[in-house]
Structures are given as structure tokens and as C-alpha cells.
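Take a look at the structure below.
Quick note: the coordinates plus some simple rules give every number you see, no bench work behind them. Bear in mind the structure is a predicted one, so any value in this text is a computation, not a measurement. No Cβ is skipped: glycine too gets one built from the backbone with ideal geometry, and neighbour counts run over all protein chains shown.
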Amino acid sequence: MATREECPEIRREIRKLCSKYGDAYWRNLDRDKQYPEVFVRELMETGWLAALIPEEYGGSGLSIREAGVILEEINRSGGNSAACHAQMYIMGSLLRHGSEEQKRRYLPRIASGEIRLQAFGVTEADAGSDTTRIRTFARREGDYYVVNGGKIFTSRVQHSDLMLLLARTTPYEQCEKKTLGMCLFLVDLHGAGDAIEVRPIDAMINHETNQLFIRDLKVPSENRIGEEGRGFYYLLDGLNAERILVASESIGDARWLIDHAVRYGKERVVFNRPIGQNQGIQFPIAQAYAHTEAADLMRFRAAALFDAGEPCGEEANMAKLLASQAAWAAANAAIDTYGGYGFAAEFDVERKFREARLFSIAPISNNMVLNYIAEHVLGLPRSY
Ligand SMILES: Cc1cc2nc3c(=O)[nH]c(=O)nc-3n(C[C@H](O)[C@H](O)[C@H](O)COP(=O)(O)OP(=O)(O)OC[C@H]3O[C@@H](n4cnc5c(N)ncnc54)[C@H](O)[C@@H]3O)c2cc1C
């Protein structure tokens, strides 16, 4: 590919690590719906998932630009970093809003890989995209909160030690502002026992995502992050980082798909010529390539602003939108190039096709991203 690559040393190291986990590793996990435990453990032991934890807490204190390149390269190798990406960024709420005592207690152990904080309980069945309508409630009782409710699509919870949980502490109807009255808690998943029932969701991709039923879960008040009632703002605060990292993963997917489509288009001969000679095959790949490169520029623009401590909501949202669309364009181009073989699991294109589709919907749907751009960037009236 023609573009000059940013962070070449990181790319080289991640490529070396990922080369040990080839297509068959990911394909078999996908078939058996298994978690990439060995891969994730190696990534943690080598410190790559601690990229965003500052050095004073045992991490490597890298920039979001570099962190994005790590995840991009995992997906570009044919892997799926959604299995562990949250270990990189969920701790951001703790880092920015936790007390010094909480940070000292957890961050060094997250950085060393001793404990995993990669489950994030926000989405609820009845609230959907309208997070302010969540009903999971944390009632204060002395030194504890007692939590009741339920979450849906809580990913990686069976492979995490801690979960960041969003719950209401004041009912919606009693709040002066609907974005107030929620708290973020660090929940010890091992200590929860029967108070959290986990029901795995059989999903289109191998993602280890679950429905949670929470009954009388006792959370010590010292595990609340920041001030009472301001949890939604702490959540929002971490979203730009999430958008930039997820955009990077989509760019990795897009590049894997484009590379494969180009290679196959040159090799496969039908009607006595390579199929890639047909414009019907090459134009969609070229289009996806252009789209990916544009998304890449926006991703690095957002990352540069983020790393400089500047506002970057507009750029981070646009990067996530463009990158997820580029990955989807590349997925369709790859399927069309592979023809029937695109549907055969052994070529891995159908797996990447499914994985690439996720980022148009989660962690936030592109409609909500467009709502953000329309309302907050362009000043159009709020539509909902
Ligand atoms: C594999 C997977 C993993 C996930 N992991 C997690 C996780 O770890 N933690 C977690 O908390 N959540 C997780 N989620 C949930 C994810 O964040 C939500 O699915 C997503 O935010 C959309 O919410 P919803 O599914 O309830 O859709 P809904 O809110 O029901 O929306 C359905 C559709 O309607 C559209 N829509 C709704 N309102 C509007 C509007 N006003 N304007 C325009 N369009 C609108 C949406 O954009 C969407 O396309 C995961 C989801 C999946 C599929």
C-alpha cells in the first residue's frame, strides 16, 4: 500500500506477536465460540493492553495514536481485538475520576495483567440507545450500595475480574436533569456470587457478550467512582477515546479485507484472465481503499487533538463513522471478489465480514453518531 505508516516500531512488534496466531487460530475460536485466552494473556503479559495507563501506575503511558495502532494491527493481522480492546480504555474513567487510593489499588494490577477490567455494563434492554432511561438502581445502605436491575450485551464479563457498572442512584423522574442521578461503580465480579446471573447471548460474531440479571448486589461505597450522581458525565468523558480506538480497529479490518481482495483478484483466473482485471471487481476495492485512507486521516486528526488535550468530539465521531463504513465497504468488496468462496469459512472473509459489521452498531450506532454531528457540530435541531 502506498501510504506511509505511522508508528512503524509498534506495528513491527505487534505484527511479530500476531504472526504466532494465524488464521486457523481465529477461525477455530470463531467456530467453537471460544475466547482467545492465550492471545489475550500474551498481549497483557507483554504490556500492550496497558498502553494508556500512565507510567506512574505501571503502564507504558503511550498516546491514543499509538494505542490505536496496536488495535489496528491486531485486526489487520486477521485477529479480533474486540475480545480485549476494553481492557485498554475502560480504566480511563478510573484514571480520570477515581480517587488516588482507587488508582493505586487497581491500576498497577490492571497494567501488569494480574486483573482484568474489561467488562462495561451500560446498555439495558428497555433503555437501548437512550442511556438516561436505564433502570438498574443502586440504593445506598450505610457503607454499601445495593444494586438491582439488569444489563444486556455486557461483553467479556466471563473473562474479567472487574466490571464498570452504570446505575441510577436517583430515579429519572426525580432528576432535575436526566443526565444526573447516575453513578459508575467498580464491581468485583468474583465477590458478586449469585447476585449477578450471567446468561450468554448467542450472537452473529464470537464476542462473549451476555445478559446480566442483578439481584441485591452489594457494592462498597468506596467502589463508587467520583461524585454521587455524575456517572453519566464520567461515561461521556471516555467516549472520544473509545471512538478513536474503535475507528482504528475498523481500519485494521478494512486493510485486511482489501489486502485479501487484491491478492485473490490477481490470482483467481476465470474466462482466461484474472478476475481483478474486471472493473466490476477492481472499482469496489479501489473505492474501499480510498474510503479507508480518508478514515485513517480523520482517525489520526482526532488522535492528535486528543493527545494534545484539545476537544475532539467532532473528529472522533467522524473517524468512527468513516472507518466503520470503510470496513463495511471493504467487506462487501471482498465478498464480491471471492464469489462463492467468500462464504466458505476456510477463507476467513465471511468471518471478517461479520466482525466488520459490528462497528456500525456498537459501541454506538452510526445513527447516533450522525445525530451528534447534526446537532452538536452543525447546530441542527435535535431530532429526538
Ligand atoms: C456484540 C455487541 C457487544 C456489545 N457490548 C456491549 C458492552 O460491552 N457493554 C454495553 O453496555 N453495551 C454493549 N453493546 C450494546 C451496544 O452498545 C448497543 O447495542 C448499541 O448502543 C445500540 O443500542 P440498542 O441495541 O439497544 O439499539 P436501539 O437503541 O434499540 O436502536 C435500534 C436502532 O434504532 C436506531 N435509533 C434509535 N434511536 C434513534 C434516534 N433517535 N435517531 C436515529 N436512530 C435511532 C439506532 O441507531 C439503531 O440503529 C454491545 C452490542 C453488541 C451487538
### Summary
Quick note, the stretch 7-56: a/c under 1.5 would make it rounded; otherwise a/b > b/c is prolate and the rest oblate (a ≥ b ≥ c, C-alpha gyration tensor); here it is oblate
### Message
If you average the alpha carbon positions of the stretch 211-250 and of the stretch 361-382, how far apart do those two centres end up, in angstrom?
### Response
20 Å
#### Entry: Label-point gap, in nm, between GLN211 and ASP336 - each point 7 angstrom along Cα→Cβ
3.8 nm
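So between ARG263 and GLU114, what do we pick up on full extension, going 0.36 nm a residue minus the alpha carbon distance?
Working: separation 149, 0.36 × 149 = 53.64 nm, distance 4.09 nm.
In short, 49.5 nm is gained.
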### Message
Can you compute 3J(HN,Hα) from phi for each residue in the stretch 45-60, using the Karplus curve 6.51 cos²θ - 1.76 cosθ + 1.60 with θ = phi - 60°, rounded to whole Hz and x for Gly and Pro?
### Response
5, 8, x, 5, 7, 9, 3, 9, 7, x, 4, 5, 10, x, x, 9
### Message
If amide hydrogens are placed 1.01 Å from N in the peptide plane, which non-local residues have theirs closer than 5 Å to the one on THR123?
### Response
ILE152
## Note on the structure
Rounded to the nearest Å, the spacing of the alpha-carbon centers of the stretch 255-294 and the stretch 296-313 is 31 Å
### Summary
In this structure, the FRET efficiency calculated for GLU228 and TYR172 from their beta-carbon separation, with R0 = 25 Å, to the nearest 0.05, is 0.95
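So what's the net charge close to ILE214: Lys and Arg +1, Asp and Glu -1, counting the other residues with Cβ under 9 Å from its Cβ? Mind showing how you got there, number by number?
Working: positive: LYS151, ARG215; negative: GLU197, ASP216.
Spelling it out: positives minus negatives among the neighbours equals 0.
State which entries of LYS103/LYS320; LYS33/LYS352; LYS33/LYS266; LYS151/LYS352; LYS33/LYS218; LYS16/LYS352 exceed 24 angstrom in Cα-Cα distance in the structure shown. Write down the numbers at each step before the final one.
Values: LYS103/LYS320 29 Å; LYS33/LYS352 15 Å; LYS33/LYS266 33 Å; LYS151/LYS352 27 Å; LYS33/LYS218 32 Å; LYS16/LYS352 21 Å.
Cα-Cα > 24 Å for LYS103/LYS320; LYS33/LYS266; LYS151/LYS352; LYS33/LYS218; rest within.
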### Query
How would you order 235-246, 187-198 from highest to lowest mean count of nearby Cβ atoms within 10 Å?
235-246, 187-198
#### Entry: Between the stretch 29-57 and the stretch 144-203, the Cα center-to-center distance that results, in Å
23 Å
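Compute the relative contact order of the chain as a whole-number percentage, counting only Cα pairs closer than 8 Å that sit 6 or more residues apart in sequence.
Values: 712 pairs, mean separation 57.6, N = 384.
Relative contact order, the chain: 15 percent.
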### Query
Any idea what the dipole of the stretch 8-112 comes to, in debye rounded to 20, about its Cα centre with Lys/Arg Cβ at +1 and Asp/Glu Cβ at -1?
140 debye
### Query
Out of residues 5 or more away from TYR145 or on other chains, whose amide H comes under 5 Å of its own, with H placed 1.01 Å from N in the peptide plane?
VAL219, SER221
### Query
Which whole-Hz couplings ³J(HN,Hα) result when phi for each residue of the stretch 163-177 is put into the Karplus expression 6.51 cos²θ - 1.76 cosθ + 1.60, θ = phi - 60°, listed in order with x for Gly and Pro?
10, 8, 10, 9, 9, 7, 10, 10, x, 3, 5, 9, 8, 4, 10
### Task
Sum -39500 (n - 2.57) across every DSSP H segment of at least 4 residues in the chain, then divide by the residue count to get the 222 nm mean residue ellipticity, nearest 500.
-14500 deg cm²/dmol
### Task
Using θ = phi - 60° and the Karplus relation 6.51 cos²θ - 1.76 cosθ + 1.60, list the HN-Hα couplings for the stretch 109-124 in order, rounded to whole Hz, with x at every Gly or Pro.
6, 5, 4, 7, x, 5, 10, 10, 10, 9, 10, 9, x, 10, 5, 10
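So if each residue of separation counts as 0.36 nm, and I subtract the Cα-Cα distance between LEU378 and GLU346, what length gain in nm does that give? Intermediate values should be presented prior to the final figure.
Working: separation 32, 0.36 × 32 = 11.52 nm, distance 4.54 nm.
Additional length available on full extension: 7.0 nm.
Under 1.5 on a/c is rounded, so check that first for the chain, then, if it is not, pick prolate when a/b is larger than b/c and oblate when it is not; a ≥ b ≥ c are the square roots of the alpha carbon gyration tensor eigenvalues.
It is prolate, given that a/c is not under 1.5 and a/b is the larger ratio.
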#### Entry: Label-point separation in nm, ASP130 to ARG11, each point 7 Å along Cα→Cβ
4.5 nm
### Query
Between rounded, prolate and oblate, where does the stretch 75-148 land on the alpha carbon gyration tensor, with a ≥ b ≥ c its root eigenvalues, rounded for a/c under 1.5, else prolate if a/b exceeds b/c?
oblate
